[in-house]
1. Filtering the range 1-47 down to residues that are of a type in the set (Gly, Ala, Ser), modelled with pLDDT of 95 or more and within 13 Å of Leu94 (Cβ to Cβ), which residue is nearest to the chain's Cα centre (by Cα)?
2. Output yes when any residue across the range 20-39 is more than 25 Å from Ala110 (Cα to Cα) and in a loop (DSSP other than H, G, I, E, B), and no when none is.
3. Does any residue in the range 220-241 that is within 12 Å of Leu284 (Cα to Cα) come within less than 9 Å, Cβ to Cβ, of a residue that is part of a helix (DSSP H, G or I) and charged (D, E, K, R) six or more places away or on a different chain, and which pairs are these?
4. How about the range 127-148: which of its residues are touching a residue at least 60 places away in the same chain (Cβ under 8 Å) and within 19 Å of Leu174 (Cβ to Cβ)?
5. Restricting attention to the range 230-255, which residues are among the acidic types (Asp, Glu) and under 12 Å from Thr274 (Cα atoms)?
6. Any residue at all in the range 253-269 that is within 22 Å of the chain's Cα centre (by Cα), within 16 Å of Leu238 (Cβ to Cβ) and not assigned by TED's automatic domain parsing to the domain that holds Lys139?
7. Is at least one residue of the range 79-88 part of a loop (DSSP other than H, G, I, E, B), among the aliphatic types (A, V, I, L, M) and either surrounded by 23 or more Cβ atoms within 10 Å (Cβ to Cβ) or in contact with a Phe, Trp or Tyr (Cβ under 7 Å, 6 or more places away or on another chain) (or both)?
8. Restrict the check to the range 233-256 and report whether at least one residue is in a helix (DSSP H, G or I), surrounded by fewer than 16 Cβ atoms within 10 Å (Cβ to Cβ) and of a type in the set (Lys, Arg).
Amino acid sequence: MRLSLIVPVFNTAPFLGDCLDSILKAAPFREVEVLLFDDGSTDESCAIAKNYAARAPQLFRLLQGEHKGLSAARNRALSYATGDYIAFLDSDDLLAPAYFSRLFQAMEKAPDLILLRHSVLTEKGLSVPRRFSSPDPVKAALLAPPMVWLRVCRRTLWEGEAFAEGLWYEDLDLSLRLTLKARTFSVVEEPLYHYRQRAGSLSQSTGSPHTEDIFPIMARVLAVMEKEGALTGYHPELEWLFIQHLLRSAALRFAHRPDAVALFARLTDTVEQTFPAWRSNPYLKESSFPLRTAVRLCAAGHPRLLHLLSRGRELFL
């Protein structure tokens, strides 16, 4: 079995060396190819990537293109991947030393999709977020965070699939499609991926107009759910996905805006149109107090209070 690890690179020079070092510390060179796709960086990122590609050409392959965004970079790198399995790593994050060894153990069972756990790296160190799980592997995948770097998939599962270009939150509908296409699963409980939470990263940005991309992306998610008939068998899990990403994550990004009251109403309406009984969701009842608080403030239309309460707190976890 061979693994292709895709690392899109764009202006992450302060973190890229640590990222690539974590690959070197973990990688068995013969079974892994690392595709570094520089998306038109304007800082020293491309030079750093070139240096690593020169140092370990048997592992790293540098690809370059004009800046077109994360989704386009991932899509273009996918076309060069030759591995039996495809994995992703953001260029400011880190791999645990056991990442490849544990991953190859899971790959030996030849599942369609391998679900990973992650830890969060902040200035205070590493922490492992609580997550809901299930003995049902499809439910476990639906309950897990939707980031594509937590899902290692057979290359054949990617046939006909691509990231939505020009939109943020592109992992949401794609991770759902991959999960519903998969027939066999493996779950690795050990946190193998270290997600770096930092101010200014794409996932933490609040001022961009792209924050409103959550609405077309969730429309795509709903279309996938309806097409695959997933609402019948996985209603609570998919309801929870809508609650988390509209009434918590999107609400936190909108809370400081002058039009936040209208946006909060739109978020709540979007959930209630598909899941009118969402307040009784079992995962919401069992979730953390900060998360429940964020959801309730969004549904009640109190963006200013949510903004004040969330400042300096890790409600994004």
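1. The qualifying residue nearest to the chain's Cα centre (by Cα) is Ser22.
2. yes
3. Sorted first by the residue in the range 220-241, then by its partner, the pairs are Pro236/Lys139; Glu237/Lys139.
4. Val138, Lys139, Leu142, Leu143, Pro146, Val148 - these are the residues of the range 127-148 that are touching a residue at least 60 places away in the same chain (Cβ under 8 Å) and within 19 Å of Leu174 (Cβ to Cβ).
5. Across the range 230-255, the qualifying residue is only Glu239.
6. Within the range 253-269, not a single residue is within 22 Å of the chain's Cα centre (by Cα), within 16 Å of Leu238 (Cβ to Cβ) and not assigned by TED's automatic domain parsing to the domain that holds Lys139.
7. no
8. no
The values are calculated or read from the model by the stated rules, or taken from the named source; none is laboratory data. Quick caveat, the model's predicted, so the values are computed rather than measured. As a convention, Cβ positions derive from the backbone with ideal geometry for all residues, glycine included, and neighbour counts pool all protein chains shown.
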